[in-house]
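Student: I have a structure here, written as structure tokens, and I will follow up with some questions on it.
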Amino acid sequence: MPNNYVINDNDQPVYVEMTNTFRAPDISAPPEISASQSAVLFSANASNSATIVLGLASAIITVRINNPAGSGRTLYLSRVSGSIGGTSLLTSISGTFTIVRGGTITSPATVTPVNNNLGSPAASAMTVQSSTAAITGGSVLATYQLAPGVFTPAFTGSIIVPPNNALSINVTSSSAAVGTIISALSMTWWER
């Protein structure tokens with residue numbers, strides 16, 4: 001029997017060629033690519049800063065996305081990114097990142113979602129608000145400790161917000177060192 005290589009060429013590492021293209025096509029992309037092409041991928045951003053003179057201070061930013069009853073759309077959370085930092089001594093800055101189902105925010109300001117397909121006038125069906133106060137109430141889905149710098153957890157649609165539900169996300173940075181601290185938050189989601 002000749003030396004025929006059934007799966008791969010002998011000069012290639014194992015598993016470089018597709019062996020079952022019926023079940024797994026050769027080209028794949030994250031769902032955000034299709035959502036953006038369909039003009040249903042949206043982003044919202046907010047930030048807050050605090051100046052520290054004496055004692056401990058915190059910079060809090062909260063974003064709440066409400067999917068109204070009767071919207072006819074479901075929100076799929078793609079990614080949350082943000083950062084904590086500033087001019088305060090970086091080694092003294094700490095923070096938290098919290099995701100809450102529902103929740104209430106104090107003194108909300110309206111945030112207009114941006115369509116990530118810049119050629120589309122389509123608007124989000126969600127109501128987005130921001131606040132410089134912490135979330136009250138709701139059920140905590142996840143909470144993380146943060147070090148100074150950027151964070152980017154990807155959810156790729158694993159957190160789903162159907163109509164008549166809300167999702168609140170909070171970033172808090174704290175420091176006692178003189179200077180300025182900043183909390184920034186950006187959310188990306190698609191609607192279907």
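The numbers here are math on the coordinates, done by the rules we state, and not lab data. The structure displayed is predicted, hence computed values, not measured ones. Heads up, the Cβs are rebuilt from the backbone with ideal geometry, glycines too, and the neighbour counts pull from every protein chain shown.
Student: How many nm is it between the label spots at Phe151 and Arg101, if each spot is 7 Å from the Cα in line with the beta carbon?
Tutor: According to this spin-label approximation, the distance is 2.1 nm.
Student: Would you work out the relative contact order for segment 75-192, in percent, from Cα pairs under 8 angstrom that are 6 or more residues apart?
Tutor: Relative CO of segment 75-192 lands at 53 percent.
Student: Right, another one. Check which residues have an amide H placed less than 5 Å from Gly86's amide H, if you skip close sequence neighbours.
Tutor: Ile182
Student: Tell me, what is the percent relative contact order of segment 54-130, built from C-alpha pairs under 8 Å that lie six or more residues apart?
Tutor: 47 percent
Student: Now, a different point. Figure the gain on full extension for Thr180 and Ser92 (residue separation times 0.36 nm, minus the Cα-Cα span) and round it to one decimal in nm.
Tutor: 30.5 nm
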